[in-house]
Amino acid sequence: MAEIDLSRPILDRNEELAAGNRALFAEAGVFVLDLMASPGAGKTSTILATIAALRDRYRIAVIEGDIASRVDAEKISAHGIPAVQINTGGACHLESDMIRRAVDALPLDELDLVIIENVGNLVCPTEFDLGEHAKVMILSVPEGHDKPYKYPGIFQIAEAVVLNKVDTMPVFDFDEAEFRTVVGKLNARAPIFPISATKGDGVDAWAEWLAGRVDAVKRA
Amino acid sequence: MHEMGITQGILAASVDAVKGEGGTRINEIRISVGEMTEVVEDALQFAFEALRAEPDYAMAAGAVLLVTHVPASSACPTCDGEVFEHGRFDGQCPKCGNPFVEPRSGHELRIDSIDFD
C-alpha cells in the first residue's frame, strides 16, 4: 500500500489546451467570446443581431457548438460570416480541443472577433475554460426571473448577462427588479443588458460593451 | 452530465500517476470539489462506477472515490483582506457589505491523493 500526493487539477488537460488556445488568440490579436444559454434563449438570434451591429467595424467569425446538426452555422453563413460547426455528438459542453480544431479552420489573423456559441445548457459549460477572453450568458424573459436561484454557477462565472426577448415582458410574469437583485448578489461585477435580438432593442448598448472588449485586445 | 467528462479526467490522471510510481492497483482516489462548482457528487459517483470498469482504467476497477467538499470563501479588499466563508447568494463582506470581493476557495476540482498497491 502506498500513497501519492498529487494536488493536480482534474481538468488540467483541458486547461493546458485552453492556455494554448489563449496564446493563439493573443498572437492573432483576436477577441474570443464564449456565449452560453439554455436552448431557445436566442443565442443564434443574439449573434446575428451582434453581427449586424458590429460587422462594419470588425471582422467576425462564429464557432457553432451543437450536439448535432448544422442549422445554426448555416444561418450565420447565410449572412456572409465565416462559421464553423462543431458537433459534440452528445457531449453537453464544448472543450478546448474542439475549439482548437475549429480555430484551425478559420483565418485567425484576418479576424477581430470570434463568437463561440456553446451547447445550449445552463450547467455544464461553466466548468470548461476554452481559452476565451470572456464568458457571457443569455437568459430570455420566458425562462423566468427565478433562473439565477436554480443555476447560480453560470451567473457567477459570466462577465456580462444579456436578458433577451424583453419585448415579451408584458406577456410573462418576469420580475426584472428581483432578477437584477439576485444577479447582483451572485456577481456584482456583471452588467446586465436587456435586449430584443429580433426587434433590435438594446442591442447597441450590448454591442458597445463588446466593442470595448474587442478594442482592448486589439490595442494590447 | 459533464460529470462523465470530469470522471474520465480523474481516472486518466490517476492511472497515469500510479503507473508512473510503478503501482498496479488503485484502492482509493481522494478529490476536492468546491461548493461553487457545478459538480454533483451523486452524478460523479455514478459516472465513476460506470467508467472504472473500462479497459483503459482496469487498475482502478475496485477503486473508491472519496470526495471532500470545500466551502466557498472570499477576501474583502476593504477590510484588510479579511477572509470569510459564504454560500452561493451571500458572497458580500459580512462586515462592510462590499460585493466586490476576491474568491479564495470554492472553485476547486482537484485530485488530492491516491492510495495504491
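Can you tell me which residues in the stretch A:28-57 are touching a residue at least 24 places away in the same chain (Cβ under 8 Å), surrounded by fewer than 20 Cβ atoms within 10 Å (Cβ to Cβ) and part of a loop (DSSP other than H, G, I, E, B)?
Of everything in the stretch A:28-57, those that are touching a residue at least 24 places away in the same chain (Cβ under 8 Å), surrounded by fewer than 20 Cβ atoms within 10 Å (Cβ to Cβ) and part of a loop (DSSP other than H, G, I, E, B) turn out to be A:G29, A:S38, A:P39, A:G40, A:R55, A:R57.
Within the bounds of the stretch A:141-150, is there any residue that is in contact with a Leu (Cβ under 7 Å, 6 or more places away or on another chain) and within 13 Å of chain B (Cβ to nearest Cβ)?
Scanning the stretch A:141-150, I find at least one residue that is in contact with a Leu (Cβ under 7 Å, 6 or more places away or on another chain) and within 13 Å of chain B (Cβ to nearest Cβ), so the answer is yes.
Select, from A:A197, A:A207, the only residue that is crowded, with 22+ Cβ neighbours inside 10 Å and touching a residue at least 60 places away in the same chain (Cβ under 8 Å).
Details: A:A207 fails: crowded, with 22+ Cβ neighbours inside 10 Å.
None of the others qualify; the one that does is A:A197.
What number of residues in the stretch B:101-114 are farther than 23 Å from B:V40 by Cα and surrounded by 13 or more Cβ atoms within 10 Å (Cβ to Cβ)? Spell out how you get there, then give the answer.
We begin by selecting, within the stretch B:101-114, every residue farther than 23 Å from B:V40 by Cα; these are B:101-102.
Cutting the leftovers down to surrounded by 13 or more Cβ atoms within 10 Å (Cβ to Cβ) gives us B:101.
Going through the stretch B:101-114 one residue at a time, the tally reaches 1.
Select from the stretch B:50-99 the residues that are under 17 Å from the mean Cα position of the chain (by Cα) and away from every other protein chain (no Cβ under 14 Å) and write down the one among them that is farthest from B:A13 (Cα to Cα).
Step by step, filter the stretch B:50-99, then rank; the result is B:S73.
When you look at B:V70, is it among the β-branched types (V, I, T), in contact with a Gly (Cβ under 7 Å, 6 or more places away or on another chain) and free of Cβ contacts under 8 Å to residues at least 60 places away in the same chain, yes or no? Lay out the reasoning, then the answer.
On the way: among the β-branched types (V, I, T): yes; in contact with a Gly (Cβ under 7 Å, 6 or more places away or on another chain): yes; free of Cβ contacts under 8 Å to residues at least 60 places away in the same chain: yes.
Here the answer is yes, as B:V70 does meet what is asked.
Taking the condition at pLDDT below 95 and over 18 Å from A:T126 (Cβ atoms), does A:P170 pass? Show your work before the answer.
On the way: at pLDDT below 95: yes; over 18 Å from A:T126 (Cβ atoms): yes.
Judged against the criteria, A:P170 is a match.
Tell me which residues, restricted to the stretch A:96-129, are assigned to a helix (DSSP H, G or I) and within 14 Å of chain B (Cβ to nearest Cβ). Outline the logic, then answer.
Within the stretch A:96-129, the subset assigned to a helix (DSSP H, G or I) is A:96-104, A:108-110, A:124-127.
If the condition is that a residue be assigned to a helix (DSSP H, G or I) and within 14 Å of chain B (Cβ to nearest Cβ), then A:S96, A:D97, A:M98, A:C124, A:P125, A:T126, A:E127 are the ones that fit.
Does the stretch A:86-130 hold any residues that are under 20 Å from A:S38 (Cα atoms), more than 15 Å from the chain's Cα centre (by Cα) and free of Cβ contacts under 8 Å to residues at least 24 places away in the same chain, and which are they?
Passing the criteria: A:N87, A:G89, A:G90.
Only residues that are surrounded by 15 or more Cβ atoms within 10 Å (Cβ to Cβ) and either within 30 Å of B:G5 (Cβ to Cβ) or out of contact with any helix residue (DSSP H, G or I) (no Cβ under 8 Å at 6 or more places or on another chain) (or both): list them for the stretch B:68-100, please.
Of everything in the stretch B:68-100, those that are surrounded by 15 or more Cβ atoms within 10 Å (Cβ to Cβ) and either within 30 Å of B:G5 (Cβ to Cβ) or out of contact with any helix residue (DSSP H, G or I) (no Cβ under 8 Å at 6 or more places or on another chain) (or both) turn out to be B:V70, B:A72, B:S73, B:S74, B:A75, B:C76, B:C79, B:E82, B:F84, B:H86, B:R88, B:G91.
Check off (1) in contact (Cβ under 8 Å) with a residue 12 or more places away in the chain; (2) assigned to a loop (DSSP other than H, G, I, E, B); (3) facing chain A (nearest Cβ under 10 Å); (4) farther than 25 Å from A:Y151 by Cα for B:T24 and give me the number that stays unchecked.
B:T24 satisfies all of (1) in contact (Cβ under 8 Å) with a residue 12 or more places away in the chain; (2) assigned to a loop (DSSP other than H, G, I, E, B); (3) facing chain A (nearest Cβ under 10 Å); (4) farther than 25 Å from A:Y151 by Cα except (3).
Could you tell me how many of the residues in the stretch A:43-80 are among the hydrophobic types (A, V, I, L, M, F, W, C) and modelled with pLDDT under 95?
Qualifying residue count, the stretch A:43-80: 6.
Out of B:G62, B:G106, I need the residue that is under 24 Å from A:I154 (Cβ atoms) and in contact with a strand residue (DSSP E or B) (Cβ under 9 Å, 6 or more places away or on another chain). Which one?
Details: B:G62 fails: under 24 Å from A:I154 (Cβ atoms).
None of the other options fit; the residue is B:G106.
Can you tell me how many residues in the stretch A:172-187 are within 13 Å of chain B (Cβ to nearest Cβ) and either surrounded by fewer than 14 Cβ atoms within 10 Å (Cβ to Cβ) or in contact with a Gly (Cβ under 6 Å, 6 or more places away or on another chain) (or both)?
Here the count works out to 2.
Just for the stretch B:1-21: of the residues that are facing another protein chain (nearest Cβ under 9 Å) and hydrophobic (A, V, I, L, M, F, W, C), which one is farthest from B:R110 (Cα to Cα)?
By that ranking, first place goes to B:M1.
The values are calculated or read from the model by the stated rules, or taken from the named source; none is laboratory data. The structure presented is a predicted model; accordingly, all values stated were derived computationally and were not measured. So basically every Cβ, Gly included, is an ideal-geometry build from the backbone, and we count neighbours across all protein chains shown.
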